[in-house]
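Working notes, structure below.
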Amino acid sequence: MILPNSLCPGDTIGIIAPASPPDPAKLAEAIPFFEKMGLRVQLGKHIDATYGYLAGSDAQRLEDLHAMFANPHIKAIFCARGGYGTPRIAANIDYELIRQNPKIFWGYSDITYLHIAIQQEADLVTFHGPMLASDIADPEFDIRAAKLFQQCFAPTELHYSEAIAPLHVFVNGCVTAPIIGGNLSLLVSTLKTPFEIDTKDKLLLLEDVDEVPYKVDGMLNQLKMANKIQEAAGIIVGDFSRADTSRPTLTLEEVFHHYFADATGPVMSGFKIGHCPMNFPLPLGVAATLDTASKSLTICAGVC
């Protein structure tokens with residue numbers, strides 16, 4: 001995998017909206033977060049565009065993505081928000097352009113589709129982490145997650161333990177493997193497409209939001225029938241926030257146990273990764289060690 005270059009104070013970063021349109025006020029509130037780190041901010045040409053539930057037409061969103069990777073003055077690219085839309089542009093992305101201009105690419109949620117596509121087509125390490133309008137502008141944004149943006153400025157080994165939040169072991173073990181994944185619904189949507197996620201001998205990260213347990217059950221069932229769970233070296237269960245359990249239901253823990261109890265590699269849940277105020281940011285595509293004995297996840301540096 002290609003590691004992007006680290007940032008330096010004074011560098012310019014690009015902000016794009018490849019999925020749904022960001023709230024302009026929240027976007028403006030988030031920009032000083034980067035300026036305080038000594039970075040300059042350049043907004044995508046079409047950052048204010050809207051097309052229904054999309055941040056502009058497919059062509060406009062694709063143009064902004066390509067322009068930021070092609071511009072030698074832009075040293076990193078951060079997504080304004082998720083929502084919906086990245087699967088619509090994946091087939092038309094110039095992955096050779098990305099390969100020849102490797103940069104920090106940062107986002108999560110719907111951006112998961114781009115993480116998978118860019119990693120598999122351009123061999124570039126990308127970053128799963130908080131976005132501007134949906135996270136950084138939120139008054140509840142966790143200061144611990146904010147501090148972890150410093151991993152963009154120097155090679156940094158990350159360590160997640162129960163000092164952050166309690167962790168639950170489903171299957172014991174210890175394994176070191178590249179970490180991939182993200183939003184469960186987006187991972188499922190890659191199946192039987194040119195960008196189908198490859199989980200073989202990988203640490204699979206799963207998270208989602210606003211999904212009732214039976215829908216999580218259905219998506220995990222689809223992953224299992226596609227052999228993606230069985231092929232994974234281990235599974236990291238992130239945050240599944242706002243799951244509606246008001247009706248008669250299995251708990252999420254019962255659903256997870258059903259699909260993960262017979263996994264051949266370690267499985268641990270409770271990681272504050274995803275749609276939560278902490279949203280521990282981490283690089284995808286680098287080696288990571290999941291160890292249930294110490295209840296820890298250690299992740300290699302994502303920049304060089």
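Here is a list: Ser185, Ser161. Which entry is more than 24 Å from Met1 (Cα to Cα), in contact with a strand residue (DSSP E or B) (Cβ under 8 Å, 6 or more places away or on another chain), free of Cβ contacts under 8 Å to residues at least 60 places away in the same chain and among the small types (Gly, Ala, Ser)?
Ser185
Sort out which residues of region 116-134 are part of a helix (DSSP H, G or I) and either at pLDDT below 95 or hydrophobic (A, V, I, L, M, F, W, C) (or both), and write them in order of number.
Scanning region 116-134 gives Ile116, Ala117, Ile118, Ala122, Leu132, Ala133, Ser134.
Do you know which residues across region 20-42 are assigned to a loop (DSSP other than H, G, I, E, B) and on the phi < 0 side of the Ramachandran plot?
Once the filter is applied, which keeps residues that are assigned to a loop (DSSP other than H, G, I, E, B) and on the phi < 0 side of the Ramachandran plot, region 20-42 yields Ser20, Pro21, Pro22, Asp23, Lys36, Met37, Leu39.
Looking at this structure, is Ala293 among the small types (Gly, Ala, Ser) and farther than 16 Å from Ile179 by Cα?
Yes, satisfied.
Just checking, which of Met37, Met68 is outside the structural domain of Gly274 (by TED's automatic domain parsing) and touching a Gly at 6+ places or on another chain (Cβ under 9 Å)? Steps first, please.
Working: Met37 fails: touching a Gly at 6+ places or on another chain (Cβ under 9 Å).
Among Met37, Met68, only Met68 is outside the structural domain of Gly274 (by TED's automatic domain parsing) and touching a Gly at 6+ places or on another chain (Cβ under 9 Å).
Keeping to region 32-58, report how many residues are surrounded by fewer than 18 Cβ atoms within 10 Å (Cβ to Cβ), of a type in the set (A, V, I, L, M) and touching a strand residue (DSSP E or B) at 6+ places or on another chain (Cβ under 9 Å).
The number of residues fulfilling the criteria is 2.
Mind telling me which of the residues Tyr95, Tyr84, Tyr113, Tyr108 ends up being buried (at least 20 other Cβ atoms within 10 Å of the Cβ), aromatic (Phe, Trp, Tyr), in contact with a helix residue (DSSP H, G or I) (Cβ under 7 Å, 6 or more places away or on another chain) and modelled with pLDDT of 95 or more?
The match here is Tyr113.
The values are calculated or read from the model by the stated rules, or taken from the named source; none is laboratory data. Computed from a predicted model, the values in this text were never measured in an experiment. Neighbour counts run over all protein chains shown; Cβ positions are idealised from the backbone, glycine included.
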